[in-house]
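Okay, structure first, notes after.
The values are calculated or read from the model by the stated rules, or taken from the named source; none is laboratory data. Just so you know, these numbers come straight off a predicted model, no measurement behind them. Cβ atoms come from the backbone with ideal geometry, glycine included; neighbour counts cover every protein chain shown. Just so you know, the surface numbers come from the protein's heavy atoms only, side chains and all, with ligands and any DNA or RNA stripped out. Shrake-Rupley method; radii C 1.70, N 1.55, O 1.52, S 1.80 Å.
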Amino acid sequence: DGWFVFDSALVFSMVMETWVFTFVMFLAVGSEGGGGGGLGNTSVLRMLRMARLTRMARMARLLRVMPELMILIKGIVAATRSVCCTLLLLVMLLYIFGVAFTQMLLDTDFGAQHFSDVFTSMYTLLVAGTLLDNVGFMLERITAEHWVYGAFFLLFMLLATVTVLNMLIGVLCDVVSTVAGIERETMIVNFVKSRLLAVLESLDEDGNGTISKSEFMSVLEQKAAVEALDECGVDVEGIYEFADFIFADEEGVGEHRELGFNEFMEIMLQFRGTNLATVKDVVDLTKFMKLKMQQSTSDVRKLSELISTHYGGEYHAMTDRADA
């Protein structure tokens with residue numbers, strides 16, 4: 001268990017910092033006081049006392065109590081690439097407008113102070129135009145030089161602040177929302193699997209690790225299994241009608257097949273009401289209909305042969321009149 005290993009590491013670090021390091025420090029100070037030199041300079045041991053900072057790792061235990069924190073962390077990690085691309089776009093805007101402002105305000109006192117070179121211009125635009133620090137003063141000074149420069153500065157603010165940064169916020173919200181949905185779905189699926197597996201193992205009559213149609217019907221009579229499927233969004237009442245489809249033999253020999261526990265769980269999750277139809281579902285439906293048509297054709301052929309055997313010529317005469 002990962003959490004058990006984590007807790008064990010925390011306990012070990014606390015024991016080392018509280019007892020072992022303290023005891024070693026006591027021996028070292030006693031040896032120096034006696035003039036014997038002993039362990040000499042104990043600065044290294046004092047540095048080891050910084051290990052007490054590892055107690056801050058206890059904060060990681062909050063992730064187990066509050067899974068929402070883990071969802072936020074995973075969302076931030078998943079959005080790293082999009083955030084980097086957005087920041088790269090912002091750097092490109094800073095460079096382009098930095099070069100432009102450096103050239104436009106080159107011969108002015110205000111330009112010599114805030115736009116003396118490209119990197120200084122980029123820094124000024126980042127602080128005043130992107131982070132909006134004292135933006136009113138900066139806009140008034142730039143507009144005082146020429147109204148075109150002020151309009152150009154407003155254009156940069158529109159692109160950098162209103163567009164790029166708001167787009168970054170939108171990307172983060174979308175990614176965190178997606179990750180939260182995936183994590184919530186995973187938690188529900190794992191919960192249902194654990195509940196159903198316990199029921200399936202108890203109802204496995206022959207102990208072969210698979211589930212048959214009769215065992216499946218017995219599962220649906222268990223209250224724990226019905227509640228787990230209902231929490232997962234599976235229509236328990238309607239699933240009775242799909243029993244033949246679930247356990248249909250793909251080879252068409254007319255017998256019901258048995259499913260492994262993992263395969264059975266995957267099929268159960270496919271019957272959730274929130275699932276969208278996919279190409280695989282259409283292909284499976286086509287195969288099932290083809291199988292049923294083959295079985296129906298075989299049954300009609302057998303019935304025709306049976307009638308022909310019992311009634312002989314009368315049957316052929318009836319078929320000839322029907323054709324005529």
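Here are the numbers for the structure shown:
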| read-out | value |
| --- | --- |
| Criterion: under 28 Å from LEU196 (Cα atoms), surrounded by fewer than 10 Cβ atoms within 10 Å (Cβ to Cβ), of a type outside the set (Gly, Ala, Ser) and at pLDDT 75 or above - qualifying residue of VAL279, VAL234, VAL226 | VAL279 |
| Residues of segment 94-113 classified as open to solvent by 30 Å² or more (accessible area, probe 1.4 Å) and either touching a strand residue (DSSP E or B) at 6+ places or on another chain (Cβ under 6 Å) or assigned to a helix (DSSP H, G or I) (or both), total | 8 |
| Residues of segment 129-151 satisfying the condition of being crowded, with 16+ Cβ neighbours inside 10 Å and under 18 Å from VAL91 (Cβ atoms) | GLY129, THR130 |
| Evaluation of SER116 against (1) crowded, with 19+ Cβ neighbours inside 10 Å; (2) modelled with pLDDT under 90 (one fails), failing number | (1) |
| Residue satisfying condition, being in contact (Cβ under 8 Å) with a residue 60 or more places away in the chain, assigned to a helix (DSSP H, G or I) and open to solvent by 30 Å² or more (accessible area, probe 1.4 Å), within set LEU154, LEU158, LEU126, LEU172 | LEU172 |
| Matching residues in segment 273-310 - criterion: being in contact with a Gly (Cβ under 7 Å, 6 or more places away or on another chain) and not in a helix (DSSP H, G or I) | GLY273, THR274 |
| Any hit, segment 291-309, residues being within 30 Å of GLY181 (Cα to Cα) and either at pLDDT 70 or above or surrounded by fewer than 14 Cβ atoms within 10 Å (Cβ to Cβ) (or both) | no |
| Candidate set from segment 129-151 (those that are under 26 Å from LEU87 (Cβ atoms) and not in a helix (DSSP H, G or I)); member that is farthest from the chain's Cα centre (by Cα) | ASN134 |
| Output for segment 72-93, where each listed residue is under 21 Å from the mean Cα position of the chain (by Cα) and open to solvent by less than 70 Å² (accessible area, probe 1.4 Å) | GLY75, ALA78, ALA79, THR80, SER82, VAL83 |
